[in-house]
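The values are calculated or read from the model by the stated rules, or taken from the named source; none is laboratory data. Nothing here was measured: the structure is a model prediction, and the numbers come from that model. Cβ placement follows ideal geometry from the backbone for every residue including glycine, while neighbour counts extend to all protein chains displayed.
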Amino acid sequence: MSLSQFLHVRMRVNDIEKSVRFYQEALGLVCARRTTSPRGAQLVFLAMPGTKAEIELCQMPAGAAAVQVQPDLMHLAFEVDDLEGFAAGLVKKGYALSDGPMRTGSGSMIGFIDAPEGYEVELIQRAK
């Protein structure tokens, strides 16, 4: 028995439209589908073009406890070709890195941007 592929990760959010806008505008993800769960939660699946992996955003129905992401709880990581160029593009879109860019011990460059609710997104430019 073995796994065949990674499908998605689910992240709860307070404002699904604000989160969808962030992932689309800042990172270029595309909406693969929207649905409502049997429990009434709004679900949006976002995909990176050219891959099968998705981020599932979930907003629970009204009355559910608000999402409060603890610092350094988890993060998503994406590879970029040019971190400084990507960061400059973020600024033009009204976003900014929350940390970095900085060089790692392996020679890669990393930076972080905070998504709504405080989820961190790591951007990695691998050493050449």
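The residue pairs whose first member lies in the stretch 7-23 and is in the same structural domain as VAL44 (by TED's automatic domain parsing) and closer than 12 Å to GLY118 by Cα, whose second member is loosely packed, with under 14 Cβ neighbours inside 10 Å and modelled with pLDDT under 95, and whose beta carbons are closer than 6 Å, counting only pairs six or more residues apart or on different chains, are ASN14/ALA66.
Filtering the stretch 1-52 down to residues that are within 26 Å of PHE86 (Cβ to Cβ) and charged (D, E, K, R), which residue is modelled with the lowest pLDDT? Step by step, filter the stretch 1-52, then rank; the result is LYS52. Among the conditions (1) over 17 Å from the mean Cα position of the chain (by Cα); (2) surrounded by 15 or more Cβ atoms within 10 Å (Cβ to Cβ); (3) assigned to a loop (DSSP other than H, G, I, E, B); (4) not hydrophobic (A, V, I, L, M, F, W, C), PRO61 misses just one, which is (2). From the set of residues in the stretch 93-109 that are surrounded by 15 or more Cβ atoms within 10 Å (Cβ to Cβ) and within 15 Å of the chain's Cα centre (by Cα), which is farthest from ALA47 (Cα to Cα)? Once the filter is applied, the top-ranked residue is LEU97.
The set of residues in the stretch 98-128 being touching a residue at least 24 places away in the same chain (Cβ under 8 Å) and not in a strand (DSSP E or B) consists of ALA115, PRO116, GLU117, GLY118, TYR119, ARG126.
Restricting the stretch 69-92 to residues that are in a loop (DSSP other than H, G, I, E, B) and surrounded by 10 or more Cβ atoms within 10 Å (Cβ to Cβ) leaves a set whose member that is modelled with the lowest pLDDT is LEU73. Of all residues in the stretch 13-46, those satisfying the criterion of being outside any helix (DSSP H, G or I), touching an Asp or Glu at 6+ places or on another chain (Cβ under 8 Å) and crowded, with 17+ Cβ neighbours inside 10 Å are VAL13, VAL44, PHE45, LEU46.
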